[in-house]
Amino acid sequence: MSLPCRVQLTALVITIAVPFSFRILSGAAAQTAELSSPVSIPDDPTADRFVEGLMSRMTLSEKLGQMTQIAVNGPSDGVSFEDHIRKGEVGSFQSTTDPERISHLQHIAVEQSRLHIPLSFAFDVIHGLRTVYPIPLALAASWDPALVEHTQEMAAREASAVGINWTFAPMLDIARDPRWGRIMEGAGEDPYLGSRMAEAQVRGFQGDHIGAPHHLLACLKHFAGYGAAAGGRDYEESNISDEQLENVYLPPFHAGVKAGAGSLMSGYMDLNGVPGTGNHWLLHDVLRERWHFAGFVVSDWESVENLTTHGFASDPEEAAVRAVNAGLDMEMVSHLYRDQLPAALKDGKIKQSTIDQAVRNILLIKYRLGLFEHPYVDLAEIPRQLVTPEQRETARTVATRTAVLLRNQDSLLPLNKQIHSIAVIGPLADSKPDTMGSWSLAGHYDDTVTVLEGLRRRFPTGVTINFSKGVEISRDLPLSIFDDQFQSPKPTLTTDAARQAEFRHAISLVEQSEVAVLVLGERQDMSGERASRSSLTLPGQQQELLEAAIATGKPVVLVLLNGRPLDITWASEHVPAILEVWYPGTEGGNAVADLLFGDAVPGGHLPLAWPRTVGQIPINYARNVTQIPEDPDHRYWDSSSLPLYPFGYGLSYTSFTISKLKLNTTSARAGSSFAISVDVTNTGKLAGDEVVQLYTHQRAGSASRPIRELKGFQRVRLGPGETRTVTLTLDTNELSFWSPQTHQRSIEPGTFDLWVGADANAAMHSSFTITD
Ligand code: BGC
C-alpha cells in the first residue's frame, strides 16, 4: 500500500465565481428525487461482438494493459505514463481530477495507441467531488434512499464533468466497531439499511444504465468483510463466521450487484485466512456463480502485490497468478499482471481463457460506458458544472436531513431568533477541513462554510457572535502521512500559558453570551482510512471545555462533527441539547445554522447503536440472546449493556405518536408480500419528519434467530397535527436467512414477532406466521 505517494492529489484547476444561493429546500422538496427502478446489466449482443472483434486483434501485452490501472500519484517505474499508454500497457488511470490531464492522456490512448482503446478514469468520489456532501454514514442517517440517490447523482454530475467516469464507491462494508476509522464511509451496522443505501447509491452514480450521460460507473467495495477488522484496526484480518458473513456482511453487496453495479473492488484484508484479493470463493463462487455478476473486479491499492505480505503468495509471480485465477480482473497500482503473467502463461500456471475473460469483463464495461463513442471530456462545459447553486442547495439540504438530534431537554432547540448574543466555541467551529470530512480530496476549503461562518451569515447584524476555539486537538504520536494529506489546522497554541488563556477566554465568552454552541468532535484525519482509534472519547481537552461551559449555567448546545459515535455519556446527562451533524460538507455551516434556528427540523436517525463506552463494542441491536433472557441487558458488572442510544434513534423539534398497527394478513405464504400499516401523528407544533421502522423476530428456526431485525422503513414528513397512514410492505423473502445447520438460504416457515416504531426499541407489537 503506497499511500505516502498519494498525498499530492491533483486539485481541480478550475476556479469559478459561484453566486451563492440562500434558498433553502424544504424537506418535502428534497424528497421529490424519485427512486428509479433497479437496473441490471443487460445482455447486449452488439457489445459482445464489438469486444470479441477487438480482442481478436489484441496482443498479450495489450490484454494485460487493459488489466492494469495506474495511479497518477502512485509509484512510477521510470517509464512515462504517455509511453505506457502509447504501447497499450495501461487501461485505466486513477487519482487525478485535472480535466486537462485527463484529456491529454485520453487523446494519447485514443489517437496514438495501436488499437485506440480509451482509458477509464477513476477517483474516490465518496461524498462529492468539488462540492462536498455529508459523509456516507450521515447519508445512511437520513433513512431516505431517494435523497441518497439524488446526492450521489449530483456528485456524479460534477465528477463526470471533469472527465472521471468511474467512482470507487459505494463502500458497502457493514461496520459494528466504531474504533474502525472507515465506519464513516459506510452505512453503519445493519444489512437491511445497508442494502437500501447500496441500491440508492448505485442508482445515483450510474443512473438507469451504465453509460447514462453525466453519471459514473459504480464500484462496490471492499469485497468482503473489511468492516470486521480485528480490534477496529484498519487493514487487520477479519474473522467472520459463515453465518455472519452470509446474513450480515454479504447482503449489501448482493443488493449492489442486483442494482446493476458494473464494478467491484476486492478487500485488502484476510477474510477467515484468505485475502480478499486472492479469494476464489468470494470472487468466483459467490460473485459469478451465485450472483451472476456481469461487471469486472478491481483490486485495492497494491493488494495484488501485497499477497506476499499476507504470507499467501511466495513471490510476485505467484501473487499475480493466484489473484487472476481467483477472478481478479484488474490490478490497481502494482503491475504484477503486466510483469509476471506472460511467463506464468508460458509455464501453464494460468490459462489464456482466464486472461481473456478478465479483458472481456473490462472491455464490455468500457463499451457500455460509451467510452469508445465519446472518450473525451468537454472542457468548455466544466465551469458550468462545479459548485453550482444547485449543488450547494443540495449539499445544504442533505446536511440538514442527515443530522440527528440526540437530546433536546426542555426544547432548548430551536433557538430563539430574537437572540442577542451567541458564543460559538470549539476547535471545529471554524475549521474548513474538519467541516468537509475525510474523502473530500478534491474539495476546496474556499468553498466550505464552517459553523461559525454559517451563523455569521445568518446574523450579519444585530447578534453578537463571540468565537473562541477554546482548545486545540493535536496528535501526540509522531507525524503520520495523513498530517500531510489532510490539513486539519496545525496547533497554534504552543505554550501552556497560551492554552490556558484560550480556554479561559472561551469560558468567559460563554458567560457573556445568551447561549453557547460548542462545536466539538474529531478532526477529519481521525476518521477514515488508516484512522482507527483505540478510544471513543472526545479527543484532547474538549471534555474539560464542555464541562466548564456547562458549569457556567448558560444554556449549551453541543454540535458534534465526527465520523463515528463518540463517548458522550457525560454530555447525555448534562448538556441540554446535542445535535449530531457528522462531517456535513461544503454547506455544513449554513445547514447547522438552519437547524439551530428551526429553518430545518432534524429528522435523521442513527444507522448504528451508539455505545456508552468503547468497552461495549460490539453493541449492534440485531444479536442473538442466550441464557437469562429476562435480564439480557445486564451483562456487565460495571455498566449497563444497553447502548446510550439505540439503533434507529433520533428526535425532532416536534413529537410523534405511532398507533393503530394493522397487518393485512397474519398468515402469509413464503415468497409473498403483505402490508403493514400504522397511523403516524405529528402531535407537536412544527412540521417535521418521522422514520417509521419495522422489525421482526423469528421465534424459532434451524439456527438461533436475532432478537430483532430491521425489515422495512419509511421517512415521512407531517405538518403539525397531521395524521397519516403509513404502509410498509413486508416482502417475506427478506425473512430468509442462511442457516449454519442447512448451509442454505431459505425462508423457514414459523411464527414471527413484529414491531413498528421509531427506533430499535419499538414497542408496538403484533405477530404473524409464514407457511410453506
Ligand atoms: C482504499 C480504497 C480506495 C483506493 C483508491 C485504497 O487505499 O482502500 O477504498 O478506493 O485506495 O484510492
Inset, instruction - Give a residue-ordered list of calculated ³J(HN,Hα) values for segment 692-700 (Karplus: 6.51 cos²θ - 1.76 cosθ + 1.60, θ = phi - 60°; whole Hz; x for Gly, Pro). - result: 7, 10, 10, 10, 10, 8, 8, 5, 7
Legend entry - Global size of segment 674-772 as Cα Rg and Dmax, reported in angstrom: 15.7, 53
Inset, instruction - Under 10 Å from the Cβ of Ala228, count the other residues' Cβ atoms, weight Lys and Arg +1, Asp and Glu -1, and hand me the total. - result: -3
Inset, instruction - At most 10 other Cβ atoms within 10 Å plus a DSSP loop assignment makes a site exposed; report the longest stretch of the chain without any exposed GluC sites (Glu not before Pro). - result: 35-372
Legend entry - Hull volume in cubic angstrom per residue (convex hull over the Cα atoms of the chain): 158 Å³
Inset, instruction - Using θ = phi - 60° and the Karplus relation 6.51 cos²θ - 1.76 cosθ + 1.60, list the HN-Hα couplings for segment 746-753 in order, rounded to whole Hz, with x at every Gly or Pro. - result: 7, 8, 8, x, x, 9, 10, 8
Inset, instruction - Using a/c under 1.5 as the rounded threshold, could you call segment 472-618 rounded, prolate or oblate? The axes a ≥ b ≥ c are square roots of the C-alpha gyration tensor eigenvalues, and prolate needs a/b larger than b/c, oblate otherwise. - result: rounded
Inset, instruction - Determine the alpha carbon to alpha carbon distance for each of Lys63/Lys346; Lys63/Lys366; Lys432/Lys554; Lys258/Lys351; Lys221/Lys258 and list only those over 18 Å. - result: Lys432/Lys554; Lys258/Lys351
Inset, instruction - Sequence neighbours fewer than 8 away in the same chain don't count; with that in mind, list the aspartates and glutamates whose C-alpha is under 16 Å from Lys490. - result: Asp430, Asp434, Glu472, Asp476, Glu502, Glu522, Asp525
Legend entry - Rh by Kirkwood over Cα pairs, then Stokes-Einstein D for segment 268-418 at 1.306 mPa s and 10 °C, µm²/s: 82 µm²/s
Inset, instruction - Quick one: compute a quarter of the convex hull surface over the Cα atoms of segment 151-261 and quote it in nm². - result: 6.6 nm²
Inset, instruction - Please go through segment 258-305 and write out the chymotrypsin sites (Phe, Trp or Tyr not before Pro) that DSSP classes as loop and that have at most 16 other C-beta atoms within 10 Å. - result: Trp291
Inset, instruction - Would you work out which of Pro414, Val471, Val297 lies farthest towards the positive end of the dipole of the chain, given +1 charges on the beta-carbon of Lys and Arg and -1 on that of Asp and Glu, about the Cα centre? - result: Pro414
Inset, instruction - Apply the Karplus parameterisation 6.51 cos²θ - 1.76 cosθ + 1.60, with θ equal to phi minus 60°, to every residue of segment 99-107 and state each ³J(HN,Hα) to the nearest whole Hz, in sequence, with x for glycine and proline. - result: x, 5, 5, 4, 5, 4, 5, 5, 4
Legend entry - Calculated [θ] (222 nm, deg cm²/dmol) that DSSP helices of n ≥ 4 give over the chain, each run adding -39,500 (n - 2.57): -7500 deg cm²/dmol
Legend entry - Percent of alpha-carbon pairs separated by more than 25 Å within segment 96-219: 28 percent
Inset, instruction - Determine the sum of side-chain charges near Ala140: Lys and Arg each +1, Asp and Glu each -1, restricted to other residues whose C-beta is under 14 angstrom from that of Ala140. - result: -2
Inset, instruction - Among DSSP beta bridges lying fully in the chain, give the percent that are antiparallel, nearest 5. - result: 55 percent
Inset, instruction - May I ask for the net charge around Val556, where only other residues with Cβ less than 15 Å from the Cβ of Val556 are counted and Lys, Arg are +1 while Asp, Glu are -1? - result: -4
Legend entry - Rounded if a/c under 1.5, otherwise prolate or oblate - segment 599-657, Cα gyration tensor axes: prolate
Inset, instruction - Determine the relative contact order of the chain: mean sequence separation of Cα pairs under 8 Å and six or more apart, normalised by residue count, in whole percent. - result: 14 percent
Legend entry - Rounded if a/c under 1.5, otherwise prolate or oblate - segment 635-710, Cα gyration tensor axes: oblate
Inset, instruction - Starting from the amide H of Phe223, placed 1.01 Å from N in the peptide plane, find each other amide H under 5 Å away whose residue is 5 or more places distant or on another chain. - result: Met265, Ser266, Gly267
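Coordinate-derived values only; no laboratory data. Being a predicted model, the structure only gives us computed values, none of them experimental. When we count neighbours, we look across all protein chains shown, and the Cβ atoms used for this are built from the backbone with ideal geometry, even at glycine.
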